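Worksheet: one structure, shown below.
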Amino acid sequence: MVAMTRWLDPDEQRTWRAYLAASRALMDTLDRELQRDAGMPHAYYEILVRLSETPGRQLRMSDLAEAAGSSRSRLSHAVARLEAAGWVRREDCPTDRRGQIAVLTDEGFATLAAAAPGHVEGVRRHLFDALSPAQVDQLRRISETLAEHLTRS
């Protein structure tokens, strides 16, 4: 039995396209600003943030890939670039010979600390300043609902 396609109605289509346009524009803007101001793409910033928030500023590569929402191969390539910059180093995992741990270096932490104020200001200016407190609450609740739904799928 072939399922019927549940086409989007005009309001749903408008909402979908507005969501796509807004999310792309926001991420493109934040990425451009990080590139300009800190010399790194948003994906690298996300890796540095994830490492900075863990005990010992280190994570197993597979856990880091999951936390950053990245494939293992994409993360490995990014970490290689971060290593070349001196911001991250890799160490062998003491409990698994095949595993590696990414460690945020002091230089990487200093780079993140220097980039964070500008990035946070960009998030505030491009997202939160455009919304009312009620809209911020709605956005959080909608985002939490979608994240929960999509991680269960």
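Here, each number is a calculation from the coordinates, and none is a lab measurement. Keep in mind that this is a model prediction, so the values were computed, not measured. Here Cβ is always computed from backbone atoms with ideal geometry, including for glycine, and neighbour counts include all displayed protein chains.
Which whole-number value in Å³ per residue fits the convex hull of the alpha carbons of region 83-153?
On the way: hull volume 11.3 nm³, N = 71.
For region 83-153, the hull spanned by Cα atoms encloses 160 Å³ per residue.
Estimate the FRET efficiency between Arg14 and His126 by the formula 1/(1 + (r/R0)^6), using the beta-carbon distance for r and 25 Å for R0, to the nearest 0.05. Before the final figure, lay out each step's value.
On the way: r = 22 Å, r/R0 = 0.87.
The calculated FRET efficiency here is 0.70.
Exposed loop trypsin sites (Lys or Arg not before Pro) only (DSSP loop, at most 10 other Cβ atoms within 10 Å): please give the longest stretch of the chain free of them, not including the sites. Write out the running numbers ahead of the final one.
Numbers: sites that count: Arg6, Arg97, Arg98.
Answer from the scan: 7-96.
Using only Cα atoms, locate the centre of region 76-153 and the centre of region 1-74, then give the distance between them in Å, rounded to an integer.
9
Take every Cα pair under 8 Å in region 31-87 that's 6+ residues apart, average their separations, divide by the length, and report that relative contact order as a whole percent. Display every interim value, and only then the final one.
Numbers: 29 pairs, mean separation 12.7, N = 57.
Answer for region 31-87 is 22 percent.
Along each of its three principal axes, how wide is the spread of alpha-carbon positions in the chain, in whole angstrom units, largest first?
That works out to 53, 46, 23 Å along the principal axes.
Between helix 72-85 and the chain, what is the angle of the helix's C-alpha long axis to the longest principal axis, kept within 0 to 90° and rounded to the nearest 10?
Helix 72-85 and the main axis of the chain meet at about 50 degrees.
Starting with the fewest neighbours, write out Leu150, Leu112 ranked by other beta-carbon atoms found within 10 Å of each beta-carbon. Display every interim value, and only then the final one.
Working: Leu150 8, Leu112 22.
So the ranking, lowest neighbour count to highest, is Leu150, Leu112.
Taking the simple approach of a point 7 Å from Cα along Cα-to-Cβ for both Arg74 and Ala21, what is their distance in nm?
2.5
At a threshold of 8 angstrom on Cα-Cα distance, excluding pairs fewer than six apart, so keeping six or more, what relative contact order does the chain reach in percent? Could you put the intermediate results ahead of the total?
On the way: 117 pairs, mean separation 30.9, N = 153.
Answer for the chain is 20 percent.
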